[in-house]
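Colleague: The structure follows.
The values are calculated or read from the model by the stated rules, or taken from the named source; none is laboratory data. As the structure is a prediction and not an experimental result, all values here were calculated from the model. No Cβ is skipped: glycine too gets one built from the backbone with ideal geometry, and neighbour counts run over all protein chains shown.
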Amino acid sequence: MSETRRKLRARVTDGPLLVVPGAANALTARLIAEVGFEAVYVTGAGIANTFLGTPDIGLVTLSELTAHVAAIREAVTLPLIVDGDTGFGNAIGVRRTIRELERAGADAVQLEDQRFPKRCGHFGGKELISSAEMVQKVRSAAEARTDDDLLIIARTDARAGEGFDGALERAAAYQEAGADVIFLEAPQTVEEIHDIPRKLGGPQVINFVEGGRTPMVPLDQLGGFSIALFANAPLQGAVKGTLRVLEGLKETGSLASVAGDLTGWKERQRLVGKPFYDELEQRYQSG
């Protein structure tokens with residue numbers, strides 16, 4: 001894990017832009033690695049949607065998140081950027097959260113300044129804790145890590161309620177408190193997107209959500225950003241594909257009409273590492 005943390009910190013610091021899809025489970029993380037991406041974002045919204053079948057409204061617990069991170073860490077060797085929501089408590093709670101996620105295999109932990117229970121950054125009705133309280137959470141997170149290469153990402157959701165300038169003020173305070181990376185969630189115009197790295201400096205995250213509040217900007221126009229998240233794209237694709245297969249099966253009573261949408265048996269087994277376990281069986285076979 002120290003190697004992946006050093007690798008992630010160097011990439012975020014020195015560039016180029018790191019494009020990171022989101023994974024809610026170990027299989028999706030394997031697919032992200034298979035395609036050739038260089039890191040995985042462990043998405044809290046995705047875990048809520050797939051594990052609980054609920055919206056992203058703060059229902060996932062720390063123990064549930066930690067278990068998912070550990071499973072994903074076992075499945076891939078890529079750096080893991082973990083959505084730690086609000087940190088599961090006050091500054092003291094944040095200390096435990098960082099320690100738990102660090103042990104589970106996180107290479108970066110993202111914390112946000114919403115009031116618990118949090119909401120998806122592209123939902124309405126978000127409420128924030130004070131900037132002063134979030135500063136203490138960031139300080140706690142930075143001091144709690146046992147590996148200095150673990151990145152602390154401080155996210156502010158202030159754009160919706162306090163305006164762009166208010167969000168910038170919070171972000172600057174979180175940088176001063178010790179955040180390694182800043183994540184100003186849900187800028188609403190292309191101009192705001194370009195202003196974030198110009199006005200803040202340091203490593204920055206931009207998050208693109210289909211149907212969300214942030215306009216899509218080509219990757220080659222994201223100068224100054226370190227990480228571009230596509231946190232929900234794999235899940236949205238999986239849901240659409242699953243519905244298409246189920247609807248075809250329901251309509252025809254056969255898989256023939258949707259065969260082109262199915263991963264073949266052999267490919268599925270390869271993707272989940274069956275050849276590796278076959279080799280283990282041979283190695284440990286008795287007699």
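Colleague: Are any residues in the range 209-220 within 16 Å of Leu18 (Cβ to Cβ) and in contact with a helix residue (DSSP H, G or I) (Cβ under 8 Å, 6 or more places away or on another chain), and if so, which ones?
Modeller: Answer for the range 209-220, where residues must be within 16 Å of Leu18 (Cβ to Cβ) and in contact with a helix residue (DSSP H, G or I) (Cβ under 8 Å, 6 or more places away or on another chain): just Val217.
Colleague: Only one of (1) within 15 Å of the chain's Cα centre (by Cα); (2) farther than 30 Å from Glu127 by Cβ; (3) part of a helix (DSSP H, G or I) is not met by Arg11, so which one is it?
Modeller: Of (1) within 15 Å of the chain's Cα centre (by Cα); (2) farther than 30 Å from Glu127 by Cβ; (3) part of a helix (DSSP H, G or I), only one is false for Arg11: (1).
Colleague: If you don't mind, another one. For the range 103-113, indicate whether the set of residues that are buried (at least 24 other Cβ atoms within 10 Å of the Cβ), of a type in the set (Val, Ile, Thr) and free of Cβ contacts under 8 Å to residues at least 60 places away in the same chain is non-empty.
Modeller: First, pick out the residues of the range 103-113 that are buried (at least 24 other Cβ atoms within 10 Å of the Cβ): 106-113.
Retained after the next criterion (residues that are of a type in the set (Val, Ile, Thr)): 109.
Subset that is free of Cβ contacts under 8 Å to residues at least 60 places away in the same chain: 109.
Yes: one or more hits.
Colleague: Quickly run through the range 251-274 and pick out the residues that are of a type outside the set (D, E, K, R), under 22 Å from Ala75 (Cβ atoms) and more than 29 Å from the chain's Cα centre (by Cα).
Modeller: Trp265 - this is the single residue of the range 251-274 that is of a type outside the set (D, E, K, R), under 22 Å from Ala75 (Cβ atoms) and more than 29 Å from the chain's Cα centre (by Cα).
Colleague: Can you work out which of the residues in the range 14-37 that are out of contact with any helix residue (DSSP H, G or I) (no Cβ under 6 Å at 6 or more places or on another chain) and not hydrophobic (A, V, I, L, M, F, W, C) is surrounded by the most Cβ atoms within 10 Å (Cβ to Cβ)?
Modeller: Ranking the candidates gives Asn25 first.
Each row is one residue, and each column tells you yes or no for (1) of a type in the set (D, E, K, R); (2) outside any loop (DSSP other than H, G, I, E, B); (3) more than 28 Å from Val19 (Cα to Cα).
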{"residue": "Gly241", "(1), (2), (3)": "no, yes, no"}
{"residue": "Leu249", "(1), (2), (3)": "no, yes, yes"}
{"residue": "Lys266", "(1), (2), (3)": "yes, yes, yes"}
{"residue": "Glu281", "(1), (2), (3)": "yes, yes, yes"}
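Colleague: Quick one: in the range 186-241, which of the residues that are in contact with a Lys or Arg (Cβ under 7 Å, 6 or more places away or on another chain) and surrounded by 18 or more Cβ atoms within 10 Å (Cβ to Cβ) is nearest to Ala24 (Cα to Cα)?
Modeller: Ala186
Colleague: Among the residues of the range 188-198, is any assigned by TED's automatic domain parsing to the domain that holds Thr43, assigned to a loop (DSSP other than H, G, I, E, B) and either on the phi < 0 side of the Ramachandran plot or out of contact with any helix residue (DSSP H, G or I) (no Cβ under 6 Å at 6 or more places or on another chain) (or both)?
Modeller: We begin by selecting, within the range 188-198, every residue assigned by TED's automatic domain parsing to the domain that holds Thr43; these are 188-198.
Of the ones still in play, those that are also assigned to a loop (DSSP other than H, G, I, E, B) are 188-189.
After this cut, where a residue has to be either on the phi < 0 side of the Ramachandran plot or out of contact with any helix residue (DSSP H, G or I) (no Cβ under 6 Å at 6 or more places or on another chain) (or both) as well, the list is 188-189.
Within the range 188-198, one or more residues are assigned by TED's automatic domain parsing to the domain that holds Thr43, assigned to a loop (DSSP other than H, G, I, E, B) and either on the phi < 0 side of the Ramachandran plot or out of contact with any helix residue (DSSP H, G or I) (no Cβ under 6 Å at 6 or more places or on another chain) (or both).
Colleague: Return the pair list, or none, for Cβ contacts closer than 6 Å from residues in the range 266-285 that are not assigned by TED's automatic domain parsing to the domain that holds Val76 and at pLDDT below 95 to residues that are part of a loop (DSSP other than H, G, I, E, B) and surrounded by 10 or more Cβ atoms within 10 Å (Cβ to Cβ), at least 6 apart or on different chains.
Modeller: Close Cβ pairs satisfying both conditions: none exist.
Colleague: So, one more: Can you tell me which residue among Thr28, Thr54 is more than 13 Å from the chain's Cα centre (by Cα) and either without any contact (Cβ under 8 Å) to a residue 60 or more places away in the chain or in a helix (DSSP H, G or I) (or both)?
Modeller: Of the residues listed, the single one that is more than 13 Å from the chain's Cα centre (by Cα) and either without any contact (Cβ under 8 Å) to a residue 60 or more places away in the chain or in a helix (DSSP H, G or I) (or both) is Thr54.
Colleague: Between residues in the range 60-80 that are within 16 Å of Glu102 (Cβ to Cβ) and residues that are outside any helix (DSSP H, G or I) and aromatic (Phe, Trp, Tyr), which pairs lie under 6 Å by C-beta distance while being six or more apart or on different chains?
Modeller: As it stands, the answer is Leu62/Phe88, since those pairs meet every condition given.
Colleague: Please work out which residue is surrounded by the most Cβ atoms within 10 Å (Cβ to Cβ), limiting yourself to the range 38-51 and to residues that are of a type in the set (A, V, I, L, M, F, W, C) and not in a loop (DSSP other than H, G, I, E, B).
Modeller: Val42
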